[in-house]
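Taken together, the values in this text are just the output of simple stated rules run on the coordinates, not laboratory data. All figures in this text were calculated on a predicted structure; none of them were measured in a lab. Here the Cβ is made from the backbone with ideal geometry for all residues, glycine too, and neighbour counts use every protein chain on show.
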Amino acid sequence: MRKTTITYFLLLLLTVSTALLSNNKNICQISTILIMVISAIKFLLVAFQFMELKNANSFWKVSLILLLTVIVLAVLLIL
């Protein structure tokens, strides 16, 4: 299978797991952290596979990962 197909199915699996976690009636802080981590993983999969960031300069790779980390940490600190 091609990498694009594998990435697509992995994104589907992560989306379903996020939906199952969010439908839980007893959402706790751990569920919220898991949802944020899964969302960050999905963002990186899309950025590196479908936006061709894997072929970009290292500056853009590092800056995107750092920006994503800052945003996720800021959201988690607000919660």
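Pairwise Cα distances in the chain exceed 18 Å in 50 percent of cases.
Model label sites at Ile38 and Glu52, defined 7 Å from Cα along the beta-carbon direction, differ in position by 3.2 nm.
If I take all pairs of Cα atoms in the stretch 1-42, what percentage of them are more than 14 Å from each other? Of all Cα-Cα pairs in the stretch 1-42, 51 percent lie more than 14 Å apart.
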